[in-house]
Structure formats: structure tokens, C-alpha cells
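Enquirer: My questions will all concern the structure given below.
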Amino acid sequence: MANQLYLTADGSHSLLSENFNVSYHSKHGAIQESQHVFINAGLLHRSKTKQVLNVLEIGFGTGLNALMTLQIAEQHQLKINYQTYEAYPISDTHVSELNYATQLDLDPSILDHLHHCDWNTTHIIQPYFQFTKWLKRFEEITDKDQFDVIYFDAFAPNAQTELWEKPLLQKMYDALKPEGVLTTYCAKGVVKRCFKTIGFELESIPGPPGKREMTRVIKN
């Protein structure tokens, strides 16, 4: 089944997953959501004390989070080693249709390169941005004390419940360095309780447009 491209409220594209019947981004604004949840609450929050950051994204999807992080890396001269996991890459047709480069005033070839560079290989995309995408399931992550920031951007719990339960969230805790930060749009009580059970310090902070809250957790 094919995904469906659509415009979100801020004028940026998203996709509706036909397999999971859920959107890749908020209908209130794809760029707006990524900026609020992952860039502001995650990357820029952690960069207050570090200028070299290892970032893990769960999962790559449309490439929006990676593209926006690359832009921030160059603007703020943050040296970023970015790794992302994706088991279900989107089609070349949808990559060519996405309007993120226009919306962010970037060269369209950058997003194209992120999507079409080899999987499971490290690439120097720009001087401040090193990029590796893994064609793997999230459950295959085995990193320990590796990342400063995790963008936990899996499909919503009602679509893939197993991605929001202790086995995978424990892997996220293990993958973070001490004081590392994970951010997610999800603020469900059952998910927050799971984070706390694992040992994360939990922060419920204001969400992007359309959501009252989001979640930021810190590895003590």
C-alpha cells in the first residue's frame, strides 16, 4: 500500500502511512512540530553545555528532522554526528515531492542526498554534519552510553504499541550518555510511567500547536 502525501497547517508536507494508518507528523504543522519537539526541546537544550553532539533519531521517515538538524549545525557551528534508524524507507517519488527545502530555504539536493546516500555507511554531508542511516528495526539498537540526544519519533502508541514499552525504551536509556536527553511528542501517562520506571528523570513540558504537553526525559 502507498503512503499519501498531504499539506499540514504550516504549509509543510507530511505523509499518511497506509500500513499503520497514522501521520508521520502533526497535521498542525510538520516543520513546526519538529522545531518545537526535537530541535528546541532536544538539540538546542543539550547544546547549551556541549558543542559536539551525538544524535540518534528513531526513525528517519521523511528526513525532516535530519534536514533541520543539519541546518542548525551549520547555523550554530555545532559539530553533530547524526545516526538514524529506519526499517521502512519512503519511496523516491515521495522524496521528490516533499517541500521541506523550499520551506526551510535550503538546496533541494541536500534532502535528496540524505535519502539516497548509502545505508549503513557514514557520510560527511557538510563540515559540521556527519550522517549515518541504518536500514534496521529499532529493536536492533545495541549502543551503550553513545548519544547526547535522542529524537524518539516513532509512530504513535496506538499504531505501534511495542515501540513505547519497556524493552525498547530501556534500549534508549542504555544508548544515552549520562545527562543525555530524549524528547518525544508523546505525553501518554502509561509511556511517562514507563520512562520513570526505567530510571529517567521526567519533564512534562508544553507541546507544539495541537498538543498540550510533550515529554523530555534525562538519563541521570
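Enquirer: Which of Gly63, Gly199, Gly207 moves the most in a Gaussian network model of the chain with Cα springs under 10 Å?
Expert: Ranking Gly63, Gly199, Gly207 by mean-square fluctuation puts Gly199 first.
Enquirer: What FRET efficiency would be calculated for the residue pair Lys48, Leu106, taking the C-beta separation as r and a Förster radius of 25 Å, to the nearest 0.05?
Expert: E(calc), rounded to 0.05, equals 0.50.
Enquirer: Checking the a/c ratio against 1.5 first, then a/b against b/c, what shape does the Cα gyration tensor give for the chain? Don't skip to the end; give the middle numbers.
Expert: Details: a/c = 1.39, a/b = 1.16, b/c = 1.20.
Rounded, because the longest to shortest axis ratio a/c is under 1.5.
Enquirer: Which of Trp119, Leu106, Phe138 sits closest to the plus end of the dipole of segment 92-202, meaning its Cα is farthest towards the positive end, when Lys and Arg get +1 and Asp and Glu get -1 on the C-beta?
Expert: My answer, from the dipole projection, is Phe138.
Enquirer: Separate question: In the structure displayed, which of Lys27/Lys79; Lys50/Lys144; Lys79/Lys166; Lys136/Lys177; Lys48/Lys136; Lys27/Lys188 lie more than 29 Å apart, Cα to Cα?
Expert: Numbers: Lys27/Lys79 31 Å; Lys50/Lys144 19 Å; Lys79/Lys166 31 Å; Lys136/Lys177 22 Å; Lys48/Lys136 31 Å; Lys27/Lys188 19 Å.
Violating the 29 Å limit, Cα to Cα: Lys27/Lys79; Lys79/Lys166; Lys48/Lys136.
Enquirer: Modelling each spin label as a point 7 Å along the Cα-to-Cβ direction, I'd like the Ala187/Val95 distance in nm, to one decimal.
Expert: Inter-label distance under the simple model: 3.5 nm.
Enquirer: A further question on this structure: With the cut-off at 1.5 for a/c, could you classify segment 49-92 from its C-alpha gyration tensor as rounded, prolate or oblate?
Expert: In terms of gyration-tensor shape, oblate.
Enquirer: Also, quick follow-up: Taking the Cα centre of segment 58-170 as origin, work out the dipole magnitude from +1 charges on Lys and Arg Cβ and -1 charges on Asp and Glu Cβ, in debye rounded to 20.
Expert: Once rounded to the nearest 20, the dipole reads 220 debye.
Enquirer: Roughly how many debye, to the nearest 20, is the charge dipole of segment 103-163 about its Cα centre, given +1 on each Lys and Arg Cβ, -1 on each Asp and Glu Cβ, and no other charges?
Expert: The dipole of segment 103-163 has a size of about 140 debye.
Enquirer: In straight Cα distance, which aspartates and glutamates are under 16 Å from Lys192, not counting same-chain residues fewer than 8 positions off?
Expert: Asp153, Glu162, Glu165, Glu201, Glu203, Glu213
Enquirer: Calculate the spin-label point distance for Asp145 paired with Ala159, positioning each point 7 Å from the Cα along the beta-carbon direction, and give it in nanometres.
Expert: Here the modelled spin labels are 3.5 nm apart.
Enquirer: What residues from segment 181-220 fall in the zone where the backbone N is under 16 Å from a label point 7 Å along the Cα-to-C-beta line of Asp174?
Expert: Answer for this model: 198-200.
Where a number appears in this text, it was derived from the coordinates with a stated rule and is not lab data. Computed from a prediction, not measured in an experiment: that's the story for all the values here. In this analysis, Cβ positions are derived from the backbone assuming ideal geometry, glycine residues included, and neighbour counts consider all displayed protein chains.
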